[in-house]
Each structure stands twice: as structure tokens, then as C-alpha cells.
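S.K.: Mind having a look at this structure? Questions to follow.
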Amino acid sequence: MFFLLHKAFPLGLALISTHAAWAFGNEEIPAGESQATQQIAQMVEEDVRAEAKNGPARRDAHPKAHGCVQAEFRVLPDLPEAMRVGLFAQVRSYPAWIRYSNASGKAQNDSVGDARGMAVKLMGVEGSESGTQDFLMINHPVFFVRNAADYVEFQKSLSAGSPVKFFFPGMNPLNFRLHEFGVARAIKGKDVANLLDSRYWSTTPYRFGDTAMKFSARPCGPASAFAATATPDFLRENLREHLASKEACFDFQVQLQKLPGEMPIEDPTVEWSQKDSPFINVGRIIIPAQTFLSAKQLNFCENLSFTPWHSIPEHQPLGGINRVRKTVYDTVSRVRHALNGEQRREPANF
Ligand code: HEM
């Protein structure tokens with residue numbers, strides 16, 4: 001009898017706890033997450049303040065802007081009924097800013113392996129408290145940290161100057177984070193010569209009305225002719241060369257959460273199967289030919305604040321990593337603007 005109870009009870013618990021994971025877009029907040037978030041925000045703020053002793057305060061992550069360009073975001077006409085949700089319910093176009101960036105806390109040589117960010121800010125968005133809708137992406141489909149508790153460990157090893165300790169925290173192989181290490185290695189190993197030729201993904205999920213989505217931006221033009229890699233800032237130079245005479249284009253795509261049990265909300269290290277749920281084109285991003293390196297524009301872009309939480313409720317960020325980002329991005333943006341004596345404001349137009 002004891003044996004039976006003992007066997008049945010954990011199974012019962014498992015059934016109760018997995019039940020929630022089977023609902024679409026369902027969040028499950030683990031105990032201790034808000035303390036972990038405060039801890040991360042505090043460590044990150046300390047890093048920003050320490051770095052600012054040597055010059056202007058910068059973003060703690062993604063500090064190197066490869067370029068910040070004007071763009072147009074068009075919602076596609078004739079979308080299937082199921083895709084006409086939130087921003088995609090109305091066929092219209094939005095003026096947008098796009099900031100391309102590195103990811104490491106250091107503004108290093110572009111030949112050093114690193115993730116690349118594409119942060120898109122739509123302006124004039126009704127229903128968003130900030131008036132903007134931000135879509136933050138990196139050039140890999142998954143993130144390398146599962147949740148807030150793990151991010152505390154990552155930030156600690158980063159602040160101690162030994163990020164590898166996060167993946168291999170001691171001699172016991174049971175504690176190795178091999179899956180996360182594989183993701184980080186794949187990200188660092190990418191060869192990117194021109195940012196306009198890379199594909200970008202949200203990695204984390206977002207609401208899509210009553211269900212959830214991940215999103216992606218995929219180049220839709222021919223490959224750029226500019227791919228030299230000889231100088232430390234070749235990504236910016238190739239972007240400048242391309243946009244000096246030609247426009248660029250990305251398809252904006254959404255992947256719906258079709259199988260909640262296999263497409264988790266709380267673990268962005270897991271890729272949602274494209275076989276079970278392919279990405280669907282819902283928008284197009286046009287980056288017209290332009291120059292973007294005036295001192296005024298560079299300064300304007302450094303003072304932008306991107307966060308997944310600049311959003312309409314229909315696309316609210318989901319999952320633990322996104323919940324952490326709510327506090328952390330706000331903290332870092334507030335601190336760096338205050339240290340630099342700059343005002344924080346969302347742009348309303350070009
Ligand atoms: C807990 C996890 C994360 C933390 C603590 C974190 C931290 C940060 C911080 C502090 C910034 C600078 C914000 C500012 O000063 O305005 C930033 C920027 C950024 N993050 Fe994250 N991040 C996390 C996860 C992610 C994920 C999953 C992605 C995947 C898309 C991502 C993509 C970006 C991008 C693209 C930017 C640059 C935005 C810009 O151009 O201003 N981050 N992140």
C-alpha cells in the first residue's frame with residue numbers, strides 16, 4: 001500500500017504540474033523568480049556603473065551598435081483569418097527604427113564570435129502604452145539560458161570574468177549545462193559578414209491573442225555584394241556600403257505555438273518544431289537606401305531604449321526570461337540615461 005501511494009503521489013503531482021503546460025500561452029512562475037530578477041538587475045546595474053567610470057554609460061549587453069537605420073514595417077494584406085491578430089489585424093505600415101548590435105558586454109572587434117542583435121521599434125502604435133512596439137531578435141533560434149535562476153548563475157560567472165563556469169560549474173558532470181553550452185557555441189561560431197544577410201529570431205515567446213508565438217526576420221532580397229571582413233568594424237562598413245545605394249528587405253514571420261507540451265513557454269533553449277508549426281509571413285520590413293552615421297543620429301540611437309515590454313497587450317512577452325527582462329532593461333536604460341544626463345523618451349516619428 002505504502003509502495004502504491006508512494007508511486008502514485010509523484011505521478012499525480014506530475015500530472016497536475018504538466019497540465020498547466022498544456023494550455024496555450026500559459027506561464028508558470030517558479031518560486032524565487034522575483035528575488036532572482038532583483039539579484040540580476042542589481043548585478044547588471046553595478047556593471048553599468050563600474051564601466052561608466054571609464055567613459056559614457058552604455059548598455060550592459062549589446063553595447064556596440066553596428067548601425068541604427070530607418071525602416072518601414074508593412075503588415076501584409078490578405079493574411080489568413082488566424083493570423084489577423086493584434087498588430088496584424090489591420091493592413092497598414094509603420095515607420096520603424098532598427099538597431100543592429102553585438103551581444104557581448106564588450107564593444108569588441110567584429111571578427112570575434114558573438115551573437116548579433118536586430119532590434120526593431122515600430123512607432124505610432126495604438127494600444128501600446130509607450131506608443132511603440134519593439135521586436136528584439138538575435139541571429140539564432142534559441143537562447144542559451146533557461147530561466148531566471150540560471151541567469152543569476154550566468155551573470156555571476158560573467159561578473160567574475162569566467163563565463164565558462166556557468167556551463168561547467170564544478171567537477172561533477174551531473175551539473176554540467178551541456179545543452180546550453182552547445183547553444184552558446186553555435187552562436188559564437190557563426191560567420192556573419194553582412195547583417196542584412198542573416199536571419200534573426202525572438203528566441204523567447206510572446207502572446208498572439210489567445211495563443212503564443214515566436215517571431216523571426218528573414219532576408220528577402222538577394223545576398224549583399226558587401227562582405228569584406230578585414231577591418232575591426234566591418235559589419236558597420238558593409239551595412240553603410242550596401243545602404244549607400246540599395247534598399248534591403250526582411251520578411252517578418254510568426255510561428256504559432258501549436259503543441260504546448262512540446263513548445264514550452266518557460267524554456268527558450270528549446271526550439272519550436274518548424275515541421276509542426278512553420279513560420280508564416282505576416283509583414284515585410286523595408287530598409288530604404290540611406291546614410292546613418294551622422295553624429296546626431298548615432299547619439300539619438302544610443303539613447304533609444306528597446307525592450308520586449310514596449311508592446312500592445314496582444315503581443316505581451318511570455319516566459320521567465322522575458323519577465324526578467326522587464327525589470328532589467330528598464331533598470332539599465334534608466335541608469336545609463338541618468339549617468340549620461342540624457343532624457344528617456346520613446347520616438348514618435350523620424
Ligand atoms: C535574462 C535574460 C536577458 C538579460 C538579462 C538581457 C539583458 C540585456 C540588457 C541589459 C540590454 C540593454 C538594454 C538597454 O540598456 O536598453 C539588452 C539588450 C538587448 N537584448 Fe537582451 N537580455 C536577456 C535576454 C535576451 C534575449 C533572450 C534576447 C533575444 C532576442 C535578447 C536580445 C537583446 C537585444 C537584440 C538587445 C539590444 C537592444 C538594442 O539594440 O538596444 N536579450 N539585453
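Every read-out reported here was derived from the displayed coordinates using simple, explicitly stated rules and does not represent laboratory data. Since the model is a prediction, treat every value here as computed from it, not as a measurement. Cβ atoms come from the backbone with ideal geometry, glycine included; neighbour counts cover every protein chain shown.
S.K.: Of Q255, S202, N299, which is farthest along the charge dipole of the chain in the positive direction, counting Lys and Arg as +1 and Asp and Glu as -1 at C-beta?
M.R.: It is N299, whose Cα lies furthest towards the positive end.
S.K.: Let me know the number of lysine pairs in region 165-304 closer than 17 Å at the Cα, not counting same-chain pairs under 8 apart.
M.R.: 4
S.K.: Right, here's the next one. First check a/c for region 253-318, with a ≥ b ≥ c the square roots of the eigenvalues of its C-alpha gyration tensor; if it is under 1.5, answer rounded, and if not, answer prolate when a/b is larger than b/c or oblate otherwise.
M.R.: Prolate, because a/c is 1.5 or more and a/b exceeds b/c.
S.K.: Within region 235-325, list the GluC sites (Glu not before Pro) lying in a DSSP loop whose Cβ has at most 13 other Cβ atoms in a 10 Å radius.
M.R.: On the way: sites: E237, E241, E247, E262, E266, E271, E302, E314; in loops: E247, E262, E266, E271.
The qualifying sites are E262.
S.K.: Magnitude of the Cβ-charge dipole of region 248-325, K/R +1 and D/E -1, about the Cα centre, nearest 20 debye?
M.R.: Working: 6 positive and 8 negative charges, 58 e Å.
In total the dipole reaches around 280 debye.
S.K.: I would also like to ask the following. Over the Cα atoms of region 198-296, how large are the radius of gyration and the largest Cα-Cα distance (Dmax), in Å?
M.R.: According to the Cα coordinates of region 198-296, Rg and Dmax are 17.1, 49 Å.
S.K.: Shifting gears a bit: What's the magnitude of the charge dipole for region 167-225 around its Cα centre, counting Lys and Arg as +1 and Asp and Glu as -1 at the beta-carbon? Answer in Debye, nearest 20.
M.R.: With only Lys, Arg, Asp and Glu charged at Cβ, the dipole is about 40 debye.
S.K.: On a 0 to 90° scale, report how tilted helix 33-51 is relative to the longest principal axis of the chain, with both axes built from alpha carbons and the result rounded to the nearest 10.
M.R.: With rounding to tens, the tilt is 30 degrees.
S.K.: Considering the options G221, A160, S273, tell which one lies farthest towards the positive end of the dipole of the chain, charges being +1 on Lys and Arg and -1 on Asp and Glu at the Cβ, about the Cα centre.
M.R.: The residue sitting most towards the positive pole is A160.
S.K.: Further question: What does the charge count near C220 come to, summing +1 for each Lys or Arg and -1 for each Asp or Glu among other residues with Cβ under 9 Å from its Cβ? Numbers along the way, then the final one.
M.R.: Working: positive: R218, R284; negative: D251.
Value of the local net charge: +1.
S.K.: Using only Cα atoms, tell me the angle between helix 320-340 and the longest principal axis of the chain; keep it within 0 to 90° and round to the nearest 10.
M.R.: For helix 320-340, the angle is close to 40 degrees.
S.K.: Do any trypsin sites (Lys or Arg not before Pro) in region 46-118 lie in a DSSP loop with no more than 13 other beta carbon atoms within 10 Å, and if so, which?
M.R.: Answer by residue number: R92, K106.
S.K.: Per the Cauchy relation, a quarter of the hull surface: what is the mean projected area of the convex hull of the alpha carbons in the chain, in nm²?
M.R.: On the way: hull surface 79.8 nm².
So the Cα hull casts an average projection of 20.0 nm².
S.K.: Let me ask you something else. From Cα coordinates alone, what are the radius of gyration and Dmax values for region 18-164 in angstrom?
M.R.: Gyration radius and largest Cα-Cα distance of region 18-164: 18.8, 53 Å.
S.K.: Where does the charge balance sit around S159 when Lys and Arg score +1, Asp and Glu -1, over other residues with C-beta under 10 Å from its C-beta?
M.R.: Values: positive: K156; negative: E46, D47.
So the environment of S159 carries a net charge of -1.
S.K.: Still on this structure: Charges at C-beta only: +1 for Lys and Arg, -1 for Asp and Glu. How large is the resulting dipole of the chain about its Cα centre, in Debye rounded to 20? Please report the intermediate quantities before stating the final value.
M.R.: Values: 38 positive and 37 negative charges, 103 e Å.
Once rounded to the nearest 20, the dipole reads 500 debye.
S.K.: Once you list every other residue whose beta carbon is under 9 Å from the beta carbon of V120, what net charge do they have if Lys and Arg are +1 and Asp and Glu are -1?
M.R.: +1
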